[in-house]
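These notes are about the structure you will find just below.
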Amino acid sequence: MNQFWPYFSIVIAWMIFGIAHSVLASSLIKEKINLSPVNYRRLYNIISIFAVLFIFILGSTIQPQFLFPKDQSSKAIGLIIATFGFLLAKLAFKPISFSEFMGIKSETNQKLITKGIYGRMRHPLYTALILGIVGFVIFSPTYTNLVHAICILIYLFIGIYYEEKRLSAHFGKEYEEYKSQTPMLFPTFKR
């Protein structure tokens, strides 16, 4: 049991993060906290970044045990997959202001983005994150990294569920039509 405790602590930390992250993202909480939207976004991002850093620092205290031997080919494959994730994220940020996304400046574009990569898939940033996570686990195949990856992936799908509810509420029929024509995570090449 003692050998599983460090991994269990990571799972608990990710669960706490997921609950806090979801609660802080809810419009109910946003309305109760008396901050401008841009300042709330800044606070939300700062809390999220420090929480994730804490979880990764917690994970770094665990003695690494490898899932499979780490060699040059696994490093190369991991880097290739993660690079695809990075390139996809770069493409996904093209129509989005990174400054607005991070809360550095106020959001100006309140339109539903359906062009470019968003015309091929609804959540390219989540797909990029999945590729980055998978690439990282292949690059550094430890049990700790696998536990991090599983927790992040589970929360990612919870996040997608809530984000889609928020987008449906905000954009209504426009988003529902877009959702029916555009796959969630894997691109379509039909257009």
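Things worth noting here:
- Any hit, the stretch 138-147, residues being touching a residue at least 60 places away in the same chain (Cβ under 8 Å) and assigned to a loop (DSSP other than H, G, I, E, B): yes
- Selection count, the stretch 22-59, where residues are touching a His at 6+ places or on another chain (Cβ under 8 Å) and within 24 Å of Lys165 (Cβ to Cβ): 2
- So Ile160, is it in a helix (DSSP H, G or I) and either closer than 30 Å to Ile12 by Cβ or in contact (Cβ under 8 Å) with a residue 60 or more places away in the chain (or both): yes
- Of all residues in the stretch 34-58, none that is closer than 22 Å to Tyr155 by Cα has its Cβ atom under 6 Å from the Cβ atom of a residue that is modelled with pLDDT of 90 or more and not in a helix (DSSP H, G or I), 6 or more apart or on another chain.
- Residue selection: Phe66 fails the criterion of being modelled with pLDDT of 95 or more and surrounded by fewer than 15 Cβ atoms within 10 Å (Cβ to Cβ).
- Residue match in the stretch 97-116 (condition: touching a residue at least 12 places away in the same chain (Cβ under 8 Å) and in contact with a Ser or Thr (Cβ under 6 Å, 6 or more places away or on another chain)): yes
- Residue match in the stretch 10-24 (condition: among the aromatic types (Phe, Trp, Tyr) and under 15 Å from Tyr155 (Cβ atoms)): yes
- Every residue from the stretch 150-191 that is of a type outside the set (Lys, Arg), closer than 24 Å to Phe17 by Cβ and more than 15 Å from the chain's Cα centre (by Cα): Leu167
- Verdict on Ser9 being free of Cβ contacts under 8 Å to residues at least 60 places away in the same chain, buried (at least 16 other Cβ atoms within 10 Å of the Cβ) and under 20 Å from Pro141 (Cα atoms): yes
- Yes/no for Ile47 being in a helix (DSSP H, G or I) and at pLDDT below 95: yes
- Residues located in the stretch 122-137, provided they are in a helix (DSSP H, G or I) and either closer than 19 Å to Phe101 by Cβ or aliphatic (A, V, I, L, M) (or both): Pro124, Leu125, Tyr126, Thr127, Ala128, Leu129, Ile130, Leu131, Gly132, Ile133, Val134, Val137
- Scope the stretch 132-189; condition within 22 Å of Phe86 (Cα to Cα) and among the small types (Gly, Ala, Ser); matching residues: Gly132, Gly135, Ser140, Ala149, Gly159
- So Glu174, is it of a type in the set (D, E, K, R), surrounded by 15 or more Cβ atoms within 10 Å (Cβ to Cβ) and assigned to a helix (DSSP H, G or I): no
- Here Ser168 clears all of (1) of a type in the set (Ser, Thr, Tyr); (2) in contact with a helix residue (DSSP H, G or I) (Cβ under 8 Å, 6 or more places away or on another chain); (3) touching a residue at least 24 places away in the same chain (Cβ under 8 Å) except the condition numbered (3).
The values are calculated or read from the model by the stated rules, or taken from the named source; none is laboratory data. A quick note: this is a predicted structure, and the numbers were derived from the prediction, not measured. Cβ sites come from the backbone with ideal geometry, for glycine too, and all protein chains shown count toward neighbours.
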